[in-house]
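Since the structure comes first, as structure tokens, the remarks are kept for the end.
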Amino acid sequence: MSEGKSSRAFIGVGSNLNDPLQQVNNAIALLHELKDTRFLAASRLYCSRPLGPADQPDYVNAVVAVDTHLPPLALLDELQALETRQGRARTGQRWGPRVIDLDLLLYGEQTIATARLIVPHPGLHQRSFVLYPLYDIDPGLNIPGQGPLAELVARCKADDLEPLTSA
Ligand code: ATP
Ligand code: MG
Ligand code: MG
């Protein structure tokens, strides 16, 4: 990784098609190879009920932490390239089944609102499958505009969520 100051970013990983466990593990392996980026940690893997259309398989979810020199939009480009490489077609319905979803959850303490990128990710503060894995990695985290992660976790039911692996 190049010299100079990097930013801590958190990436949400999800899959509910074509062997989701394998897809998520594969994505985590590919995230180790992101350019100008150092892989720091992966959360436990979780099984979660689908959001949106209910007539689809359960998801496997995880969160990854990295330190990156990529600016936010360049990082999003890399994540979308990985989604495509892993076989995701961008044609399905919103929140429909997918082989892989890589969302940029947090980028340092930045708040970003552009046509292509919203950070913190808009669903983050109320999604159990994001909050609990984030908490695995960094329980002291503060979510810009939302407050301490620990408080968001305390307010978020996890009855739709099941850890698949131990820490
Ligand atoms: P959700 O964003 O509610 O989890 P999704 O992940 O299924 O839904 P996608 O189809 O993966 O949505 O992405 C739709 C668009 O969202 C992308 O083309 C991207 O430009 C935009 N987007 C905005 N903010 C983000 C972000 N923080 N991370 C990833 N994509 C984002
Ligand atoms: Mg998503
Ligand atoms: Mg997405």
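Any read-out appearing in this document is the output of simple, stated calculations on the displayed coordinates, not a laboratory observation. No experiment lies behind these values; they were computed from the predicted model shown. Positions of Cβ are generated from backbone atoms using ideal geometry, with glycine treated the same way; all protein chains shown enter the neighbour counts.
Structure summary
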{"item": "Integer Hz, Karplus 6.51/-1.76/1.60 couplings in order for segment 50-64, x for Gly and Pro", "result": "x, 8, x, x, 8, 8, 9, x, 4, 9, 10, 10, 7, 10, 10"}
{"item": "Within the chain, longest stretch free of exposed GluC sites (Glu not before Pro) [DSSP loop, at most 13 other beta carbons within 10 Å]", "result": "34-108"}
{"item": "Gyration tensor verdict on segment 57-167 (Cα atoms; rounded if a/c is under 1.5, prolate if a/b is larger than b/c, oblate otherwise)", "result": "oblate"}
{"item": "Trypsin sites (Lys or Arg not before Pro), loop per DSSP, at most 12 other Cβ atoms within 10 Å - longest free stretch of the chain", "result": "36-89"}
{"item": "5 angstrom amide H check on GLY123, placed H, neighbours 5+ away", "result": "none"}
{"item": "Rounded if a/c under 1.5, otherwise prolate or oblate - segment 12-96, Cα gyration tensor axes", "result": "prolate"}
{"item": "Karplus-derived HN-Hα couplings along segment 133-145 (A = 6.51, B = -1.76, C = 1.60, θ = phi - 60°), whole Hz, x at Gly and Pro", "result": "x, 4, 5, 4, 7, 8, x, x, 4, 10, 9, x, x"}
{"item": "Shape of segment 124-167, Cα gyration tensor, a/c cut at 1.5", "result": "oblate"}
